Amino acid sequence: MLSKTVKIGDREVTFKSSAAIPRMYRIKFGRDIFRDLTKLEKSYKDRGDGEKQNLEIDDLEIFENVAYIMALHADPTIPKTIDEWLDQFEMFSIYEILPEILELWGSNLFTDVKARKN
């Protein structure tokens, strides 16, 4: 289980990643987080010329869902709907927060794989 605190506007938000996240995500959104994060990460990667691809609406929704689930996992007192949670923030750049979430997810996967090999 790993966590990371990220500043979003004037708020500090803690995100937590653990083996419970795929189940929480599936129950809340009826989707597979592994598939969604693979798509999101692919959309985010460099095109080769140093520019980031523009994320599609689906990618933005995946980002919001993943961020919400990881924040809820870290702090069960946050609003119970994603709309209420997002409404707490001013506008922010997804490109500042997304790498943090992808890094946290990747670190959790690396930790799980490493542990199984022992």
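Readers should treat all values here as calculations from the given coordinates under stated rules, not as data from a laboratory. As the structure is a prediction and not an experimental result, all values here were calculated from the model. Glycine gets a Cβ as well: all are built from the backbone with ideal geometry, and neighbour counts include every protein chain shown.
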Mind checking the full-extension length gain between GLU96 and ASP75? Use 0.36 nm per residue of separation minus the Cα-Cα distance, one decimal, nm.
5.5 nm
Along segment 7-17, Karplus-curve 3J(HN,Hα) (6.51, -1.76, 1.60; θ = phi - 60°) to the nearest Hz, with x for Gly and Pro, reads 8, 10, x, 9, 10, 9, 10, 9, 10, 10, 10
Rounded if a/c is under 1.5, else prolate if a/b beats b/c, else oblate: with a ≥ b ≥ c from the C-alpha gyration tensor eigenvalues square-rooted, which is segment 2-113?
rounded
Treat the count of other C-beta atoms within 10 Å as a stand-in for reagent exposure and order THR77, THR5 from fewest to most.
THR77, THR5
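Out of segment 1-105, which chymotrypsin sites (Phe, Trp or Tyr not before Pro) are coil in DSSP terms and have no more than 14 other C-beta atoms within 10 Å?
Values: sites: PHE15, TYR25, PHE29, PHE34, TYR44, PHE63, TYR68, TRP85, PHE89, PHE92, TYR95, TRP105; in loops: PHE89, PHE92.
Passing sites in segment 1-105 are PHE89, PHE92.
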What ranking do LEU60, LEU55, LEU40 get, fewest neighbouring Cβ atoms within 10 angstrom at the top?
LEU60, LEU55, LEU40
Report the FRET efficiency, 1/(1 + (r/R0)^6), for ILE27 and LEU86, where r is their Cβ-Cβ distance and R0 is 25 Å, rounded to 0.05.
0.80
Net +/- balance of residues flanking PHE15 in space, Cβ distance below 9 Å, scoring K and R +1, D and E -1:
+1
